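The values are calculated or read from the model by the stated rules, or taken from the named source; none is laboratory data. For clarity, every value in this text was computed on a predicted model and none was experimentally measured. FYI the Cβ positions are ideal-geometry reconstructions off the backbone, even for glycines, and counts take in every protein chain you see. Accessible surface areas use protein heavy atoms only, side chains included; no ligands, DNA or RNA. Shrake-Rupley method; radii C 1.70, N 1.55, O 1.52, S 1.80 Å.
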Amino acid sequence: MKDHSFFFISQHIAPSLEAKMHRHEAWELYFVTHGSGVRMTGDTLMPFAEGDVVLIPPSMPHYWEYKPESANNTGEITYLMVAFSPELIRYSIKKRDSLLQNTGSRQKR
């Protein structure tokens, strides 16, 4: 995610391509659109399935293991993922606070 504060992907992968344990410096928000399996997030192993939403914070170790029988009719697991940098979050909070302060001072007039 170098030099980008935000990106989006629509992923279609074979179940055999498990995402091995890794970590990122970005927030990752997943929406599973087809498939199931198990995911390790930090020290927690949990099942996942179609319709699940998962938010993974920066630097948290995680991996996904997909059940082959849960693939769609083209043999794929599918999900949407948005990744965004911690800097984007800090910037957004700062801007929000500034907007709230400006709104508050206008309402007092």
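Within the range 83-100, is there a residue that is open to solvent by 30 Å² or more (accessible area, probe 1.4 Å), in contact (Cβ under 8 Å) with a residue 12 or more places away in the chain and in a loop (DSSP other than H, G, I, E, B)? There is no residue in the range 83-100 that is open to solvent by 30 Å² or more (accessible area, probe 1.4 Å), in contact (Cβ under 8 Å) with a residue 12 or more places away in the chain and in a loop (DSSP other than H, G, I, E, B).
Can you pull out the residues in the range 15-43 that are over 15 Å from residue 76 (Cβ atoms) and assigned to a strand (DSSP E or B)? Within the range 15-43, 20, 21, 22, 27, 28, 29, 30, 31, 38, 39, 40, 41 qualify. Applying the set (1) within 29 Å of residue 87 (Cα to Cα); (2) in contact with a Leu (Cβ under 8 Å, 6 or more places away or on another chain) to residue 58 leaves exactly one unmet item: (2). Specify the residue that is nearest to residue 68 (Cα to Cα); the eligible residues are those in the range 25-53 that are open to solvent by 50 Å² or more (accessible area, probe 1.4 Å) and out of contact with any strand residue (DSSP E or B) (no Cβ under 7 Å at 6 or more places or on another chain). For the range 25-53, the residue satisfying everything is 44.
For residue 46, are the conditions met, namely being more than 24 Å from residue 6 (Cβ to Cβ), among the hydrophobic types (A, V, I, L, M, F, W, C) and not in a loop (DSSP other than H, G, I, E, B)? The answer is yes for residue 46.
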